[in-house]
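Chemist: I'd like to ask you about the structure that follows.
The values are calculated or read from the model by the stated rules, or taken from the named source; none is laboratory data. The structure displayed is predicted, hence computed values, not measured ones. In this analysis, Cβ positions are derived from the backbone assuming ideal geometry, glycine residues included, and neighbour counts consider all displayed protein chains. These accessible areas exclude ligands, DNA and RNA; they are computed on the full protein's heavy atoms, side chains included. Shrake-Rupley method; radii C 1.70, N 1.55, O 1.52, S 1.80 Å.
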Amino acid sequence: MESKKEIISQLRKNLLQWEGYKPPVTGIRSSVGLGPLEEAFPNGVFPVAAVHELVCGSSEQAAASGGLVTGILSVLLQQGGICVWIGRAQRLFAPALTVFGVEPHKVIFISLARDRDALWVMEEALKCVGLKAVVCEVRELDFKRSQRLQLAVEQSRVTGFVLRNAAGKLGSTACAARWQVRPLPSTSLNGLPGVGFLRWQVELLKVRNGQTGSWVLEWQDGHIVPVPEVTILEERQVG
C-alpha cells in the first residue's frame with residue numbers, strides 16, 4: 001500500500017501536468033540560465049507556455065525588468081522563431097536589444113498608448129503558435145484579463161511577459177509568477193568603477209506551485225549568471 005507521502009507526491013505531479021507544467025525529459029534539462037532561481041519553479045524548470053507578471057515601481061525598475069526579460073528572450077529565441085513586443089510611446093530603443101543577444105529583426109514592435117488595446121493585441125498574439133514570446137507594457141491588469149492570457153498560452157505554448165508599471169495597485173492575477181526586478185550597482189571591472197556587468201536584484205513575489213525568494217543575477221558575456229552569496233558578502237566587506 002502506498003504511503004501518504006507517495007500519494008501526495010503523485011497528486012502534485014498530476015496537478016502540475018493538468019496545469020500545463022510538463023516534467024523534464026530524463027537526461028534533458030531545459031534552462032534559461034537563471035541558476036538557483038529556476039529551482040523555485042515547479043519541477044525546477046522555468047515555465048514556458050505561461051504568463052509572467054513583472055511589477056515595476058519606477059522607471060529604473062521598468063528598465064531593469066526589460067533588461068532581464070530581454071536576456072531570457074535571447075535564450076528562448078535560440079531555437080528560432082520571433083517575439084512580439086508591445087510598448088508604450090515607442091520608448092524602447094531596438095538596437096539596444098543586441099546588448100542582451102537579441103537581434104532586433106527577430107522582434108515585432110507595436111506601440112499602443114491604451115492598456116485595453118495593448119492587452120487585446122497581446123491576447124491575440126499569444127494565440128499564434130509561430131511566436132516564441134510576447135512582451136507587453138501596461139499599467140493595469142485585472143484577474144479576468146490575466147486569465148484570458150493564461151488560457152491563450154496553454155493552447156499555443158507561447159511565453160508571455162507583462163511589464164506592469166503600477167506596482168502600487170496590485171491585485172490578484174492568474175499569472176504563473178509575479179516578479180520584481182531592481183537594478184543594482186555593477187561591480188568594478190579591472191579596477192574601473194561603473195563599467196562592470198549589469199546586475200539585478202530579482203524577487204519572485206508569487207509562484208504558482210513554487211517557492212518565493214530573492215536572488216542577485218548578473219549579465220556576463222551574453223548570459224544571465226547567478227551571483228553567489230559569498231561573492232556579495234566579500235564585495236560588501238571590501239566596500
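Chemist: Taking the residues in segment 38-86 that are touching a Gly at 6+ places or on another chain (Cβ under 8 Å) and closer than 14 Å to Q180 by Cα as candidates, determine which candidate is most open to solvent (accessible area, probe 1.4 Å).
Modeler: Checking each candidate, the answer is G57.
Chemist: Do any strands (runs of 3 or more DSSP E) lying entirely in segment 88-190 carry at least 3 residues that are within 21 Å of L77 (Cα to Cα), and which ones are they?
Modeler: Qualifying strands (runs of 3 or more DSSP E): 107-111, 131-138, 159-164.
Chemist: Further question on the same structure: Could you give every pair whose Cβ atoms fall below 6 Å, whose first residue belongs to segment 212-230 and is at pLDDT below 90, and whose second residue is open to solvent by 40 Å² or more (accessible area, probe 1.4 Å) and not aromatic (F, W, Y), counting only separations of at least 6 or pairs across chains?
Modeler: Pairs that qualify, where the first residue is at pLDDT below 90 and the partner is open to solvent by 40 Å² or more (accessible area, probe 1.4 Å) and not aromatic (F, W, Y), are G222/G101; P226/P36.
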